[in-house]
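Reading through the structure tokens given below for one structure.
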Amino acid sequence: MKNIKYLYMVLIFFTIILIKGMAAENNKEYKVLIGMAPDKAVNLKGIKTLVIDAEFFSKKDIEQLHKNGNVNIFSYLNIGSIETFRDDYEAFKYLALGDYENWDEEKWINVADKRWQKRIKDKARLLSQKGIDGFFLDNADIYYHYQTPEIYRGLMTLLQEIHKENKPIIINGGDTFISQAMKENALKGIVNGINQESVFTEINFKDNTFGVKPIEDREYFLAYLAQCKTYGFTVYLLEYGPSKKIEKDIEAYCQSNGFIYDISHSLQLDKLF
């Protein structure tokens, strides 16, 4: 009898693993895996839009990802803050404007500075030379924290320089900046899509757990994403650790609006599922 119970437990365990694997196989339209190590990421297959941090990948790695059937490989590029783990942190940390809440390894940066703009321009060129298909730009939220004409113009300059690489651009977050730029009709032909994190879910940084976004906050983002859709952006969502019910809500919302989404159960964005 004990052996039978044990076999049932083993069967249930492997069934759960199989179901998770099937879910991952079925969600291959869009994956954000900027925290996945290159030696693991090069084994990814059949993802339509894959976001990685290509600074840590070689040109050969990118070629392998394409050979594996990954169609559009976008590289993460942090335009609004600087991280301590980047090779050139010491050379640019003096341009920092302030601490980045909840992310101790980052500081907000002065995007209006010409030296920072040259850094981003050079990085975009180097990433392009590796064979990426597009850019996934992070931390345009600098404009939320420092709402000055100089910061706004600095972000626009960065976008225009990156656009010269002739590759699609997705902006992650940055709703305050995006909203202002849409009012000025400044992003047509430059930015192709926006990715919004945590529309239905939220991150509890005190204990690194995930929860449900309060309704009033969710309503703000739903209205904002509707504006982005009307403007002509491709809209992406990145949600963290939702329950099965919330995941169904996310799926239904995205299907009804023609949006694309990714579900992550890792804050580090280093796991496929």
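Data overview
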{"read-out": "Flag if residue 31 is more than 14 Å from residue 132 (Cα to Cα), buried (at least 16 other Cβ atoms within 10 Å of the Cβ), at pLDDT 95 or above and of a type in the set (D, E, K, R)", "value": "yes"}
{"read-out": "Qualifying residue in segment 113-134 (condition: farther than 28 Å from residue 28 by Cβ and touching a Ser or Thr at 6+ places or on another chain (Cβ under 7 Å))", "value": "yes"}
{"read-out": "Exclusive hit being touching a helix residue (DSSP H, G or I) at 6+ places or on another chain (Cβ under 6 Å) and either in contact (Cβ under 8 Å) with a residue 60 or more places away in the chain or farther than 26 Å from residue 179 by Cβ (or both), set 120, 132", "value": "132"}
{"read-out": "Qualifying residue in segment 67-78 (condition: under 19 Å from the mean Cα position of the chain (by Cα), modelled with pLDDT of 95 or more and over 27 Å from residue 106 (Cβ atoms))", "value": "yes"}
{"read-out": "Segment 173-228: number of residues that are buried (at least 18 other Cβ atoms within 10 Å of the Cβ) and among the polar types (S, T, N, Q)", "value": "4"}
{"read-out": "Total residues in segment 27-65, condition in contact (Cβ under 8 Å) with a residue 60 or more places away in the chain, out of contact with any Asp or Glu (no Cβ under 6 Å at 6 or more places or on another chain) and part of a loop (DSSP other than H, G, I, E, B)", "value": "7"}
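The rows are residues; the columns are (1) in a helix (DSSP H, G or I); (2) surrounded by fewer than 21 Cβ atoms within 10 Å (Cβ to Cβ); (3) of a type in the set (Asp, Glu); (4) at pLDDT below 95.
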site	(1), (2), (3), (4)
101	no, yes, yes, yes
108	no, no, no, no
122	yes, yes, yes, no
126	yes, yes, no, no
140	no, no, no, no
153	yes, yes, no, no
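The values are calculated or read from the model by the stated rules, or taken from the named source; none is laboratory data. The structure presented is a predicted model; accordingly, all values stated were derived computationally and were not measured. Cβ: placed from backbone, ideal geometry, glycine included. Neighbour counts: every protein chain shown.
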